[in-house]
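The values are calculated or read from the model by the stated rules, or taken from the named source; none is laboratory data. Everything numeric here is computed off the predicted structure, so don't read it as measured data. Methodologically, a virtual Cβ is constructed for each residue, glycine included, from the backbone with ideal geometry; neighbour enumeration extends over all protein chains shown. Surface accessibility is based on the protein's heavy atoms, side chains included, excluding ligands, DNA and RNA. Shrake-Rupley method; radii C 1.70, N 1.55, O 1.52, S 1.80 Å.
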Amino acid sequence: MMKLRYSKTSPYVRKVLMVMIEKGLQGRIELVPTDAWSPETDLPNQNPLGKVPTLVLEDGTALYDSPVICEYLDSLGGGSTLFPPAGPARWSALKLQALADGLCDAAISRRLELARPEGERSQKWADRQRAAMERAVAAMEAELPALSGPVTIGSLAVLATLGYLDFRWSSEDWRARAPGVARWFAEASSRESFLATEPPK
């Protein structure tokens, strides 16, 4: 059985778990809770970056990071492919995934920066990440036609990312910046894979 090193609060993990559910692979993957921040963790033995998600295959090979894991799972499972074949639809899906993952990068970087002691904190850096978050949400609004099409890794990544904004940045209303995406999210967030992977409150 494959093993997924994971944390319930990671939006990158949530994306992987959503793909797992969409592809019907739950029975083939053991979920291994992992605290990547613990000094005692053995995670670097499998992923030198020390990050989750990390997927350990049955032969011991480790795959990382989330885009690689998602594409691997898509190649195994049943149902419609989440990674379209080469062509415009594929580049659109991959671009959406990159946009969503980049928004997560900025949101997490900003959160970590603001959690530093006041004397060590860089407000300039935090503001830079906030600006990136705002631009990314606006860019998602421009990508609404792609989001509204068939489910792809792009739309699943956007779902996971917007769920993370609601989880960690609920005081900031991303919906006001992207009303079209907000309407799409309200409907798309009823997917079983999204509901089943909600982080703990």
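Cross-link partners for residue 3 among the lysines, with Cα-Cα distance under 26 Å and sequence neighbours closer than 8 places in the same chain left out: 15, 23, 51, 201. Say R0 is 45 Å: what FRET efficiency, to the nearest 0.05, do residue 91 and residue 118 get from their beta-carbon distance? It comes out at approximately 0.55.
On a C-alpha basis, how far is the centre of the range 23-67 from the centre of the range 148-175 in Å? Whole number, if you could? If you average the Cα positions of each part, the centres end up 23 Å apart.
When the residues 23, 51 are ordered by accessible surface, computed with a 1.4 Å probe over the protein chains alone, the sequence from largest down reads 51, 23.
The GNM of the chain, with springs linking C-alpha atoms under 10 angstrom apart, assigns the highest mean-square fluctuation among 168, 183, 130 to 183. Span-like helix check, the chain: qualifying full DSSP H segments, with Cα axial length of 24 Å or more and mean Kyte-Doolittle of 0.0 or more, are 88-114. Of the GluC sites (Glu not before Pro) in the range 7-60, the ones in a loop by DSSP (not H, G, I, E or B) with at most 12 other beta carbons within 10 Å are 40, 58. What is the percent carbon and sulfur in the accessible area of the chain, measuring with a 1.4 Å probe over the protein chains and ignoring ligands? That fraction is 53 percent. Accessible surface area normalised per residue over the range 73-162 is 49 Å², counting heavy atoms of protein chains with a 1.4 Å rolling probe.
With 0.36 nm allotted per residue and the present C-alpha distance subtracted, the residue 9-residue 198 stretch has 67.2 nm of extension available.
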